[in-house]
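Structure first, then comments.
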Amino acid sequence: MIRQAGQRVAKAWRMVRSAMKAASSRRVMVWCSMPMESRIGRMVRQTIAWPGLNSPIVPRSETTISTGTWKATGSEASALGSVAKPEVCIITMPRMPAMLAPVTMPTASSSRAQGKVVKNGSAWFGSMGTEKSKGMTLYSLSGHVKRPGQFEAPLGITLRQLLELSGGIRDGHELKFWTPGGSSTPILTAEHLDVPLDYEGMGGVGSMLGTKALQVFDETTSVVRTTLRWVEFYKHESCGKCTPCREGNWWLVQLLKSFEAGTAQDGDVEKLLDICDNMGGKSFCALADGAVACVTSAVRHFRSEFEAGRATPAWELFPYGRSALFEVQEKVEVHA
Amino acid sequence: MSVVTKPTGPVAPVETITVTIDGTEVQVPKGTLAIRAAEMIGIAIPRFCDHPLLDPVGACRQCMVEVPDMGNGRGMPKPQASCTLECAPGMQIRTQLTSPVAAKAQTGMLEFLLINHPLDCPICDKGGECPLQNQALSNGRGESRYEGVKRTFPKPVPISAQILLDRERCVLCARCTRFSEQISGDPFIALVERGALQQVGRYADHPYDSYFSGNVVQICPVGALTSASYRFQSRPFDLVSTDVTCEHCASGCRLRTDQRHFQVKRRLAGEFAEVNEEWNCDKGRFAFVSARGDDRLTRPLIREDGALRVASWPEAIDAAVAGLAAAGSSVGVLTGGRLTLEDAYGYSKFARVVLGTNSIDFRSRPGGVDEAQFLATRVAGRTLADAVTYADLEAASHVVLVGFEPEEESPLVFLRLRKAVRKKGLKVTAIAPFASNGNAKLNATVVATVPGEEAAALRALDLAAGDVLLVGERAALAPGALAAAAEVADATGARLAWVPRRAGDRGAVEAGCLPGLLPGGRPLADSAARVDLAAAWEVEGLPTGDGLEAAAMLAAAASGELKALVVAGVEPADFADAAAARAGLEEAGFVVSLENRLSEVTERADVVFPVALIEEHAGTFLNWEHRPGRVNTVIRQPNTPMTDLRVLAALADALGTPLGVRTAQQALTELTELGTWPAATAAQKKPARKAAAKPAKPARVTDGEATVRLATWRQLIDGGRGQDNEEALAATAKPSLARVSPALATALGVVDGDQVAVSGGSGWYSLPVAVTPGMAEGTVWVPQNSPGTPLGELGVVFGDEVTLSVGGAE
């Protein structure tokens, strides 16, 4: 999966080529987001035309470049499925599809790691990281930090250290909440600045390391608004196969919108949690669990903000313009 | 009536495992799903997407159970969908009865399903028999906590002329799309879009063109799929249900017929694992209103001064007696293939005992020279016990189809073959002019055969013992095909079964509605059989002269040699030569018609007796497996017309020779007591004539005209009278086209869609061409009786030579 991971596309493409060579595969399926398609296409055509190659790595006829909607859930089957057709359908497959296809699908970070491990040896790799989570990885920092980007670090680094590397929270602001790995991982607060960012550390405080795409928010951000935005994403991405995710997300968005608008009723926070209880662990795949994680962790850490949604709109408590990184004149409305 | 079952051999031991459900230990076969295991001990776990005949999918998440022990001492951390959970030895399962977690999960699911579900119950067909309603009451909350906005769609949307889709009601269980893809193989509907806007979508280029589309209405757990013909007709609790066997084809499906106010409102597929499992075809489901028009007959008619007038029963009987007595034994009986076994028996006995003739024939369709011989030796007298059955089709490794197009002629045989192809790797070989859609869905190897060459093609196949040879009625028209089938079966040990097209055909053979065959498979030529029958019937003797076959009867009636005809429900257009049939009826001295509607026969009859509709009958149909299927009376009213049998009994009494049976029950008892005659093997009156197979001539194309062989068969939904008055069904019929091979099309200079004229016999038809790759050369295929192409009018049958020319739409 070639994502624009802050690396040059050419570099990423070279990783794919080397992986293919290692696997002696003759066919590559490039799955990328839509804006990338033309650049990848150019890359592929240039590769075939480059002189000095003994034989083209990829015969043109066997390259498939497809665009797919990026999905939160990591099911490989659904990823392949989303490339095959615009609607997404999660299906049960007997084995990991990658084993059936003569193609490797390395992520940018793991394929990069592969090369280095091969070069420097496993002991070198094991000297980094923690007891159970070894090696180094790429942490992606985004949000209210001075220098968002990708940071290669050993597993077990803390958010405090990562913030140092990235210049810290933007001037005049302080950390309010953050997620260790994208929206599917339960949110954490400033309390957890020194928890090691490895699998065990995150598990120990009730979250997950996930994709290590840290999202960092400062005190100008409304938790209610953020949760709504996340759940709108899950509602949009839900494939619709199973009832709890399809209907539960639909319901959560409407409820959260009433919290955002300050029109929530008494008992709605309990209702929110009960809906999550009926969704979590009951669905066909983990997408519903991701949505549930947003809501339950947000309520756990910032219940008062939700309760305030019975009377006051979130945009009054936390004027939205203030959390933007640029000048905003009016209230920004968020749509599903 | 006794139930005839096949004696089973030693059953292979099934490996069982023990699981505990809600504290009760139960032994289940290995591989059983948890939801099925619970049903075995009477625990109904609520579900929507699960269906025992469809592959499990685990979509609706309604059937949540808790698994505290997977069988290895460890519990599963989350509740599981029991429809996708295979039981493991020692597994502990807790359903909603003993697990608060499972109960809450199920209640939660129902709440979720109802948040976007429209409040349509008062206007929804499914109300009263709705699994969503029922399960919401049994496992759901009393009130919903949802106060938001529901998603809406324009509704209803027709996905075919018959099936209407209401997307708001859909719970996305995917039963309909899975049925279409897995069972019937017609993937014209699929789930499209995603999230809460996911919906059942139709293939853009075609409506839901499937002969089995009605089944999705039945399996839909909500009212999302409804049928245009039943919509808003009734609430289920106002319906009175009766089990019947379908009267259309010889598959023998059990149906549930629902009537309200003495009118049949709808027919559902009945549950009968041995035959139709839980499916039926659209013809059986929807084509039951043919007698709803103004042409229904309820009173006897007599022809006076050239016109029919209403008469009383005594008057009509007297008139019939006068005519028949004058004719003596120069009478022919045409029964058709739509009578119940008991009615057919009544005609058979009436002909021999009362009229004193052996001229009786059920074949109101093109027949062949070898057919009577084949039926007498290979079909009559056989029982279910030694027959090929649906189970045998499923278990076979190779099935060969000769002159038989399952999807068009016996849809449930098609479904069972397809099931075996999908699940057990059954190999199907079809000896047919081209690969039809049905053949494609069976992954059949098609031996493209010019009509008439079937015998040679069959002999060229390599069959083994245990293979099954399914021979359709059309094989009678291919010279030597039936004899070849019999020979090949005997030589290789393959099993042979004859699959006729109409529900009453097999029963008619058993009842002796053939000129050379007496009831119970007794050959006319066998004097011992005649004596036996005469003794059973308590008559002095039986007529010994050879009877005439149907076409011969009509010709003899036209020429005056045959003085009278007694005709049951037949259509002249079905005969090989419709004009000759009409002429025979027209010119015959005296015609007695027993019909339930005005028809081309009643137009030419001297006396018409009204008879009961199939829903007013009690009786039996024998299907192609020789399996008896009960037809129970659906509608019983004081003024219901009499059955054919009862009318014949009245006529017999008036003619002075009582029939001996008046009711279906008596007829069946008598026929059963007669027993079957040991299958005739060597004793044949005439040696089997093996007509020399005409070698296929390549099509000669001159001046845009080609002489080709005609291939044809009846499509499932076509111009047959039994399908009248059901417009929605008629609109789903396949279009009439002329199929030719690419080479022939090129030679003629036509492409897809061009008009061609098919001429033969007494006229021609113009049809659009469909170029069909892989089709046999020198052949054109045309539907036998679709609107615009009743081939009986031309007088040509399968295997005849016809002329194909370009143009024709003048």
I'd like the full set of residues that are part of a helix (DSSP H, G or I) and of a type in the set (Asp, Glu), limited to the stretch B:131-175. none
How many residues does the stretch B:170-198 hold that are acidic (Asp, Glu) and surrounded by 23 or more Cβ atoms within 10 Å (Cβ to Cβ)? 0
Being more than 14 Å from chain B (Cβ to nearest Cβ), touching a residue at least 40 places away in the same chain (Cβ under 8 Å) and more than 17 Å from A:Ala291 (Cβ to Cβ) narrows it down to one of A:Leu165, A:Leu193, A:Leu155, so name that one. A:Leu155
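Checking the conditions here, which among B:Ala535, B:Ala555, B:Ala551 is of a type in the set (A, V, I, L, M) and over 23 Å from B:Gly336 (Cβ atoms)?
One residue alone meets the criteria, B:Ala535.
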Residues B:Leu565, B:Leu613: which one is crowded, with 24+ Cβ neighbours inside 10 Å and touching a residue at least 40 places away in the same chain (Cβ under 8 Å)? B:Leu565
Residue hits (the stretch A:245-264; within 8 Å of chain B (Cβ to nearest Cβ) and either under 22 Å from the mean Cα position of the chain (by Cα) or assigned to a loop (DSSP other than H, G, I, E, B) (or both)) are A:Arg246, A:Gly248, A:Asn249, A:Trp250
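Given the residues B:Tyr230, B:Tyr211, which is the only one that is touching a Pro at 6+ places or on another chain (Cβ under 7 Å) and part of a loop (DSSP other than H, G, I, E, B)?
Working: B:Tyr230 fails: touching a Pro at 6+ places or on another chain (Cβ under 7 Å).
From the options B:Tyr230, B:Tyr211, the qualifying one is B:Tyr211.
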For the structure I just gave you, tell me whether B:Ile183 is in contact with a strand residue (DSSP E or B) (Cβ under 8 Å, 6 or more places away or on another chain), more than 21 Å from A:Arg246 (Cβ to Cβ), more than 14 Å from chain A (Cβ to nearest Cβ) and among the β-branched types (Val, Ile, Thr). no
How about the stretch B:472-494: which of its residues are under 12 Å from B:Val400 (Cα atoms), assigned to a helix (DSSP H, G or I) and open to solvent by less than 10 Å² (accessible area, probe 1.4 Å)? B:Ala485, B:Ala489
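Which of the following residues is in contact (Cβ under 8 Å) with a residue 40 or more places away in the chain and in a loop (DSSP other than H, G, I, E, B): B:Ala728, B:Ala733, B:Ala747? Before you say what the answer is, go through the steps one by one.
Numbers: B:Ala728 fails: in a loop (DSSP other than H, G, I, E, B); B:Ala747 fails: in a loop (DSSP other than H, G, I, E, B).
When all the criteria are applied, what remains is B:Ala733.
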Go through (1) more than 22 Å from B:Gly323 (Cα to Cα); (2) modelled with pLDDT of 95 or more and name the single condition B:Glu540 misses. (2)
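Restricting to the stretch A:288-318, count the residues that are over 16 Å from A:Thr179 (Cβ atoms) and part of a helix (DSSP H, G or I).
Step one: filter the stretch A:288-318 for residues over 16 Å from A:Thr179 (Cβ atoms), giving A:288, A:303-318.
Going one step further and asking which of them are part of a helix (DSSP H, G or I), we end up with A:288, A:303-308, A:314-317.
Summing the residues that are over 16 Å from A:Thr179 (Cβ atoms) and part of a helix (DSSP H, G or I) in the stretch A:288-318 gives 11.
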Got a sec? Which strands (runs of 3 or more DSSP E) wholly within the stretch B:751-810 have at least 1 residues that are among the aromatic types (Phe, Trp, Tyr)? B:763-771, B:779-781
The stretch A:208-232 - residue that is open to solvent by 10 Å² or more (accessible area, probe 1.4 Å) and either within 11 Å of another protein chain (Cβ to nearest Cβ) or of a type in the set (Gly, Ala, Ser) (or both) and, of those, nearest to the chain's Cα centre (by Cα): A:Ala213
Answer yes or no: is there a residue in the stretch B:26-46 that is within 12 Å of chain A (Cβ to nearest Cβ), touching a Lys or Arg at 6+ places or on another chain (Cβ under 8 Å), open to solvent by less than 40 Å² (accessible area, probe 1.4 Å) and under 22 Å from B:Leu132 (Cα atoms). no
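Within the stretch B:70-85, which residues are under 23 Å from A:Met279 (Cα atoms) and either in contact (Cβ under 8 Å) with a residue 24 or more places away in the chain or part of a loop (DSSP other than H, G, I, E, B) (or both)? Steps first, please.
Step one: list which residues in the stretch B:70-85 are under 23 Å from A:Met279 (Cα atoms), which gives B:70, B:75-85.
The answer is B:Met70, B:Gly75, B:Met76, B:Pro77, B:Lys78, B:Pro79, B:Gln80, B:Ser82, B:Cys83, B:Thr84, B:Leu85.
Taking A:Glu270, is it under 22 Å from A:Gly206 (Cβ atoms), surrounded by fewer than 18 Cβ atoms within 10 Å (Cβ to Cβ) and either without any contact (Cβ under 8 Å) to a residue 60 or more places away in the chain or of a type in the set (S, T, N, Q) (or both)?
Here the answer is yes, as A:Glu270 does meet what is asked.
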Do any strands (runs of 3 or more DSSP E) lying entirely in the stretch B:575-683 carry at least 1 residues that are among the acidic types (Asp, Glu), and which ones are they? B:590-595
Report, by residue number, each residue of the stretch B:68-102 that is open to solvent by less than 30 Å² (accessible area, probe 1.4 Å) and within 14 Å of chain A (Cβ to nearest Cβ). B:Pro79, B:Ala81, B:Ser82, B:Cys83, B:Leu85, B:Ser99, B:Ala102
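Is it the case, given these coordinates, that B:Arg292 is modelled with pLDDT under 95 and either of a type outside the set (Gly, Ala, Ser) or open to solvent by less than 20 Å² (accessible area, probe 1.4 Å) (or both)? It would help to see each step written out before you state the result.
On the way: modelled with pLDDT under 95: yes; either of a type outside the set (Gly, Ala, Ser) or open to solvent by less than 20 Å² (accessible area, probe 1.4 Å) (or both): yes.
Spelling it out, B:Arg292 is indeed modelled with pLDDT under 95 and either of a type outside the set (Gly, Ala, Ser) or open to solvent by less than 20 Å² (accessible area, probe 1.4 Å) (or both).
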Identity of the residue in the stretch B:199-220, surrounded by fewer than 23 Cβ atoms within 10 Å (Cβ to Cβ) and either within 19 Å of B:Phe112 (Cβ to Cβ) or basic (Lys, Arg) (or both), that ends up farthest from the other protein chains (Cβ to nearest Cβ): B:Arg202
Which of the residues that make up the stretch B:445-471 are at negative phi, crowded, with 24+ Cβ neighbours inside 10 Å and of a type in the set (Gly, Ala, Ser)? B:Ala455
Look at B:Ala757 and say whether it is among the hydrophobic types (A, V, I, L, M, F, W, C), in contact (Cβ under 8 Å) with a residue 12 or more places away in the chain and open to solvent by 30 Å² or more (accessible area, probe 1.4 Å). no
Close pairs from the stretch B:127-138: first among the charged types (D, E, K, R), partner open to solvent by 50 Å² or more (accessible area, probe 1.4 Å), Cβ under 9 Å, at least 6 apart: B:Glu129/B:Arg235; B:Glu129/B:Phe237
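Being open to solvent by 30 Å² or more (accessible area, probe 1.4 Å), within 13 Å of chain A (Cβ to nearest Cβ), charged (D, E, K, R) and touching a helix residue (DSSP H, G or I) at 6+ places or on another chain (Cβ under 6 Å) narrows it down to one residue among B:Arg141, B:Arg151, B:Arg167; which is it? It would help to see each step written out before you state the result.
Working: B:Arg151 fails: open to solvent by 30 Å² or more (accessible area, probe 1.4 Å); B:Arg167 fails: touching a helix residue (DSSP H, G or I) at 6+ places or on another chain (Cβ under 6 Å).
Only one candidate passes the filter, namely B:Arg141.
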In the stretch A:278-289, how many residues are at the interface with chain B (Cβ under 9 Å from one of its Cβ atoms), more than 16 Å from A:Leu256 (Cα to Cα) and not hydroxyl-bearing (Ser, Thr, Tyr)? 5
Residue, surrounded by the fewest Cβ atoms within 10 Å (Cβ to Cβ), within the stretch B:122-138, restricted to residues that are away from every other protein chain (no Cβ under 14 Å) and more than 34 Å from the chain's Cα centre (by Cα): B:Pro122
If you scan the stretch B:241-265, which residues turn out to be over 21 Å from B:Leu339 (Cα atoms) and in contact with a helix residue (DSSP H, G or I) (Cβ under 8 Å, 6 or more places away or on another chain)? B:Asp258, B:Gln259, B:Arg260
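The values are calculated or read from the model by the stated rules, or taken from the named source; none is laboratory data. Only a predicted model underlies this, so the values are computations on that prediction, with no experimental measurement involved. Positions of Cβ are backbone-derived with ideal geometry, glycine not excepted, and every protein chain shown enters the neighbour counts. The area values use the complete protein model at the heavy-atom level, side chains included, leaving out ligands, DNA and RNA. Shrake-Rupley method; radii C 1.70, N 1.55, O 1.52, S 1.80 Å.
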